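Please read the structure below before turning to the comments.
The values are calculated or read from the model by the stated rules, or taken from the named source; none is laboratory data. It should be emphasised that the depicted structure is a prediction, and the values quoted were computed from it without experimental measurement. Cβ coordinates were reconstructed from backbone atoms using ideal geometry, including for glycine residues, and neighbour counts include every protein chain displayed. Side chains included, ligands, DNA and RNA excluded: accessible areas come from the protein's heavy atoms. Shrake-Rupley method; radii C 1.70, N 1.55, O 1.52, S 1.80 Å.
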Amino acid sequence: MKWESWQLLAHNPTYWQNSAEKGLLKAEYLGDYTLRLWFEEDLDVSIYDLDFYPLLIEEDPGPALRPLRQIERFQFVKGDYALVWPNPETGAYDKATIDLAPECVRFFCEQYGRLVKPSRTALKGGVLG
């Protein structure tokens, strides 16, 4: 269900008009299937904790993401604009690399994650206040 809601949004061209995702700055493995994710904002960051268990274990994420069901693979993660799991054997960005677009990661953070630190822009703009 969660992946289906992302697919609907991803294929909606109206949503993407005037959209400019700045991307992920950092990803930190917290334990189990949870990551802390830093998103670049205008002169600031927003930080979310996101539990990927429902996305990877409770739902079928598809063949490209199934290797992340192995916790040893999942915890080897980086935030480098996208959410990236480099080749676990070499650390290289090659055909064994798995990545998720920052727009997709932000969608799941906003829908299902826990906001740890909002950006000042969100606070001032009335998004959160």
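Which residues, taken from the range 47-69, are under 30 Å from Ala20 (Cβ atoms) and open to solvent by 50 Å² or more (accessible area, probe 1.4 Å)? Correct list: Asp51, Ala64. Looking only at residues in the range 88-103 that are hydrophobic (A, V, I, L, M, F, W, C) and within 9 Å of the chain's Cα centre (by Cα), the one that is most open to solvent (accessible area, probe 1.4 Å) is Ala101. Against the list (1) closer than 16 Å to Cys104 by Cα; (2) of a type outside the set (A, V, I, L, M); (3) open to solvent by 80 Å² or more (accessible area, probe 1.4 Å), the condition Glu72 fails is (1).
Does Gly113 satisfy the condition of being at pLDDT below 90 and either open to solvent by less than 70 Å² (accessible area, probe 1.4 Å) or among the charged types (D, E, K, R) (or both)? No; evaluated as a whole, the condition is false for this residue.
In this structure, Glu41 does not satisfy being in contact with a Lys or Arg (Cβ under 6 Å, 6 or more places away or on another chain) and not aromatic (Phe, Trp, Tyr). The single condition among (1) at negative phi; (2) within 12 Å of the chain's Cα centre (by Cα) that Glu58 does not satisfy is (2).
Just checking: which of the strands (runs of 3 or more DSSP E) contained wholly in the range 24-126 hold 3 or more residues that are farther than 19 Å from Glu4 by Cβ? Here the list reads 24-31, 34-41, 44-51, 78-80, 82-85, 114-117. Output the residues belonging to the range 35-44 that are crowded, with 17+ Cβ neighbours inside 10 Å and more than 11 Å from the chain's Cα centre (by Cα). Within the range 35-44, just Glu40 meets the criteria. Can you tell me which residue within the range 16-31, out of those that are surrounded by 13 or more Cβ atoms within 10 Å (Cβ to Cβ) and at pLDDT below 75, is farthest from the chain's Cα centre (by Cα)? Checking each candidate, the answer is Trp16.
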